[in-house]
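The values are calculated or read from the model by the stated rules, or taken from the named source; none is laboratory data. Computed from a predicted structure; not experimentally measured. Neighbour counts run over all protein chains shown; Cβ positions are idealised from the backbone, glycine included. For the accessible areas, the whole protein counts, side chains as well, though only heavy atoms, and no ligand, DNA or RNA atoms are used. Shrake-Rupley method; radii C 1.70, N 1.55, O 1.52, S 1.80 Å.
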Amino acid sequence: MSLRPHRDFLNISDFSAHETFGLFALAERMRAKTYDRRPLTGMALAMIFMKSSTRTRVSFEVGVTQLGGTAHFLSPRDVQIGRGEPIEDTARVLSRYVDGIMIRTFAHADVERLAEYAGVPVINGLTDLSHPCQILADILTMRQHLGEIRGRTVAWIGDGNNMANSWIEAAAHLGFTLRLACPEGYDPDPIFMAAAAAGDVQLLRDPREAVEGADVVTTDVWASMGQEEEQKLREQAFHGYQVDSALMARAASQAIFLHCLPAHRGEEVSADVIDGPQSAVWDEAENRLHIQKAILAVLMGRETL
Ligand code: CP
Ligand code: NVA
């Protein structure tokens, strides 16, 4: 038995463009501390982490607490899901205790099944396919540093991974240009590319072409969680795809550098870029807290947009 309806956040387009701009405005009130409601009072969020996390775990935990609720960290070492209890049963049981579930895992289909069987909102805290909370935080950071995002150009350099897929979805959905430079064999998901056909999303090979005049230059690790054994192979494949100061110099003079973190200095980004004046990565990490509080307030706390 499915316990719908409830609203989930599994991918960027689960909120309309209008609602997404409302989320940014709400998150900006939270960041400015002009929002003082506690819409999660008496509520609980279960947080399932099948992969490691620093930012996602702490920002959700602190965010729920600031909104008046409690957060419950569940790792596969401790809960039965790690011993093979079906995701459908986990969804139904947790829904009897908590008011929302955040999950970070490998297969995106697991999150879809969790959402199908849960009676409470489910939030995607990263899968192999997408990382929508991070991309909303990244766009919040663009607004903070650059103002209006419509008409801006974002350059993605490196792996066509979960981050790239969510950037693709966001560009078409929210109206900015995205140029991706990925080595052959490391393209983004073709379904996300096809869905973005109406938007201005270009897949290139040459990082220099992608960053030319861009307002944002962004990248991510070459080997994501679960791909650790491919590290050496990927270091070869991504040769020439490092975001260094020579590449940044081709972007707009006021361009910012973003990275979801954790970063590997000397691989996908040089230390002088990530630690330099154009880097906005610490604001970006902070913005995870603000945007997720806005998402939680809307999905669990019935805050209106
Ligand atoms: N960017 C991000 O999701 O970081 P964590 O893996 O630390 O949660
Ligand atoms: N692409 C990275 C993002 C980490 C936040 C990974 O999936 O490991």
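Residue under question is T105, and the condition is that it be open to solvent by less than 20 Å² (accessible area, probe 1.4 Å), polar (S, T, N, Q) and closer than 30 Å to L247 by Cβ; does it hold? Taking the combined requirement at face value, the residue does not satisfy it.
Suppose we keep only residues that are out of contact with any Phe, Trp or Tyr (no Cβ under 7 Å at 6 or more places or on another chain), under 18 Å from H131 (Cα atoms) and open to solvent by 30 Å² or more (accessible area, probe 1.4 Å) within region 209-228. Which one would you say is nearest to ligand 1 (Cβ to nearest atom)? In this case the residue turns out to be M225. Looking at region 244-266, which of the residues that are in a loop (DSSP other than H, G, I, E, B), out of contact with any Lys or Arg (no Cβ under 8 Å at 6 or more places or on another chain) and open to solvent by 40 Å² or more (accessible area, probe 1.4 Å) is farthest from L140 (Cα to Cα)? By that ranking, first place goes to G266.
The condition of being open to solvent by less than 70 Å² (accessible area, probe 1.4 Å) and within 16 Å of ligand 2 (Cβ to nearest atom) holds for only one of S13, S59, S52, that being S59.
Taking the numbered list (1) over 19 Å from I291 (Cβ atoms); (2) in contact with a Lys or Arg (Cβ under 8 Å, 6 or more places away or on another chain); (3) in a strand (DSSP E or B) in turn, K51 passes all entries but (3).
One line per residue, one yes/no per condition, for (1) in contact with a helix residue (DSSP H, G or I) (Cβ under 7 Å, 6 or more places away or on another chain); (2) of a type outside the set (G, A, S); (3) over 27 Å from F24 (Cα atoms):
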| residue | (1), (2), (3) |
| --- | --- |
| A170 | yes, no, no |
| L174 | yes, yes, no |
| L178 | yes, yes, no |
| A181 | yes, no, yes |
| D187 | no, yes, yes |
| M193 | yes, yes, no |
| A198 | yes, no, no |
| V201 | yes, yes, no |
| R205 | no, yes, yes |
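Here's the yes/no breakdown for (1) surrounded by 24 or more Cβ atoms within 10 Å (Cβ to Cβ); (2) charged (D, E, K, R); (3) within 14 Å of ligand 2 (Cβ to nearest atom):
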position: V122; (1), (2), (3): yes, no, no
position: A137; (1), (2), (3): yes, no, yes
position: Q144; (1), (2), (3): no, no, no
position: S166; (1), (2), (3): yes, no, yes
position: G185; (1), (2), (3): no, no, no
position: G199; (1), (2), (3): no, no, no
position: L204; (1), (2), (3): no, no, no
